[in-house]
1. Would you point out the residue of the range A:33-42, among those that are closer than 20 Å to residue A:63 by Cα and more than 7 Å from every other protein chain (Cβ to nearest Cβ), that is surrounded by the fewest Cβ atoms within 10 Å (Cβ to Cβ)?
2. With the structure loaded, tell me whether residue A:80 is touching a strand residue (DSSP E or B) at 6+ places or on another chain (Cβ under 7 Å) and within 11 Å of chain B (Cβ to nearest Cβ) or whether it fails that test.
3. When the range B:248-266 is examined, which residues are found to be under 20 Å from residue B:193 (Cβ atoms) and surrounded by 15 or more Cβ atoms within 10 Å (Cβ to Cβ)?
4. Search the range A:3-26 for residues being free of Cβ contacts under 8 Å to residues at least 40 places away in the same chain and closer than 23 Å to residue A:62 by Cα, and hand back the single one that is nearest to the chain's Cα centre (by Cα).
5. Given the criteria at pLDDT below 85, within 23 Å of residue A:115 (Cα to Cα) and either under 13 Å from the mean Cα position of the chain (by Cα) or more than 9 Å from chain B (Cβ to nearest Cβ) (or both), does residue A:67 qualify?
6. Within the range A:117-137, how many residues turn out to be over 16 Å from residue A:19 (Cα atoms) and in contact (Cβ under 8 Å) with a residue 60 or more places away in the chain?
7. Return yes when residue A:29 is surrounded by fewer than 21 Cβ atoms within 10 Å (Cβ to Cβ), part of a strand (DSSP E or B) and within 14 Å of another protein chain (Cβ to nearest Cβ) and no when it is not.
8. Name the residue, out of A:109, A:147, A:60, A:74, that is in contact with a strand residue (DSSP E or B) (Cβ under 6 Å, 6 or more places away or on another chain) and part of a helix (DSSP H, G or I).
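The values are calculated or read from the model by the stated rules, or taken from the named source; none is laboratory data. It should be emphasised that the depicted structure is a prediction, and the values quoted were computed from it without experimental measurement. Cβ placement follows ideal geometry from the backbone for every residue including glycine, while neighbour counts extend to all protein chains displayed.
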């Protein structure tokens, strides 16, 4: 999970861990990429990168854009997604919707809008992420990260 | 007792929160303890104030006593007013012994010679603070007790805290009287304003925690503020960065609570820097704009920006210099070597 709001990251991570699953998962929280190289040898393979953008903070968008430059191209075949929070507070939006859509298009990755401050949505998002993670890690036979990613993108365009 | 005085006392009592009325009246000392016993402080404020006025009738209160009650109220609740800070200057280094009676006499005389219709009251507090309450009239009308200015002067310092009323035109007169009475040469207004009088004092008297190196480095356990996540499956990748931000923040803001300011205002008179191709603003004129930061507690909010992931640390010195420079109103001009017009952009 990459994003500048650590509190929200932590809550989402805990929600993900609370979900029932039959595989081992480890969640890395970062404020930006690249990850510190000192821990490279301790890190397992990364299956999914979720970038968190707060629509109320231009800073969080800039942060994510700078981090995206450090992501290896292979991740963009379905292993990246954007989580956008804060859409409920229309008066405080400082990031344009167009910028968000463009981000999703340019990086060929799905954009999920979720008000992570609300527990119900947090749980739902956690479940979605887990499902995506399963696919990205190759645990679901017959569905690859790429096919799922394009499925999600096409349904969003409709 | 004058009807206006009665009404004034009644309204002043109504301002006080019900639980505090008794204590404040005791501080006032105008009504005896036996008289206070006769008031039921559990009834509604309307009735309490009526009772108080009744007793004041019996004691024949005049405007002077009523003014003292007002001073006491404002001393306990100074944050209801906006305070500005003034600094006085002496030409030489002569430290004259401060004589309170002289000061009061000269101040009154000076003010009254220019404007006969003023009510002036003094009250001294510990820490050498002299509170002055002035109710302004005009050459033709009696002083309006609801249009008051307050002055807090710490006699051992060149600083004066003023809460002017709507009548800004009386400010020069007030300043002059202060300067003459306190044996200074001139007075200037600092660009520092806030509701919190104590915070203003903290800033000018340098009583807030400044960013000097603490003598004893904090023990490691204390520094780790974030609780270790119980779950080992959640890994914080940027612990070092977090610690750096905490450290920088502490260096800039110090450890203690910040003085309470409500806003910082920056008046920009800088040139608009645009893409040369965009061709906006052909004329090379300064682009005037006003940037205002407001918050219930501005400095604490700024302090928490970087840890909350909303801004880079360190913050722009334009924001962090506020307590050191003792100002929250700035004018930024296009001067070489002065503040470059670059902001932190949260």
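1. Restricting attention to the range A:33-42, the residues satisfying the condition of being closer than 20 Å to residue A:63 by Cα are A:33-37.
Keeping just the survivors that are more than 7 Å from every other protein chain (Cβ to nearest Cβ) gives A:33-34, A:37.
Numbers: A:33: 18, A:34: 12, A:37: 7.
Looking at the filtered set, the residue picked out is A:37.
2. Working: touching a strand residue (DSSP E or B) at 6+ places or on another chain (Cβ under 7 Å): yes; within 11 Å of chain B (Cβ to nearest Cβ): no.
Taking the combined requirement at face value, the residue does not satisfy it.
3. We begin by selecting, within the range B:248-266, every residue under 20 Å from residue B:193 (Cβ atoms); these are B:257-266.
Passing the criteria: B:257, B:258, B:259, B:260, B:261, B:262, B:264, B:265, B:266.
4. Kept after step one, since they are free of Cβ contacts under 8 Å to residues at least 40 places away in the same chain, are these residues of the range A:3-26: A:6-7, A:10, A:13-14, A:17, A:20, A:22, A:24, A:26.
Among the residues that remain, those that are also closer than 23 Å to residue A:62 by Cα are: A:6-7, A:10, A:13.
Numbers: A:6: 14, A:7: 15, A:10: 13, A:13: 11 Å.
The selected residue is A:13.
5. Details: at pLDDT below 85: no; within 23 Å of residue A:115 (Cα to Cα): yes; either under 13 Å from the mean Cα position of the chain (by Cα) or more than 9 Å from chain B (Cβ to nearest Cβ) (or both): yes.
Answer is no for this residue.
6. 3
7. The answer is yes for residue A:29.
8. Working: A:109 fails: part of a helix (DSSP H, G or I); A:147 fails: in contact with a strand residue (DSSP E or B) (Cβ under 6 Å, 6 or more places away or on another chain); A:74 fails: in contact with a strand residue (DSSP E or B) (Cβ under 6 Å, 6 or more places away or on another chain).
So the residue among A:109, A:147, A:60, A:74 that is in contact with a strand residue (DSSP E or B) (Cβ under 6 Å, 6 or more places away or on another chain) and part of a helix (DSSP H, G or I) is A:60.
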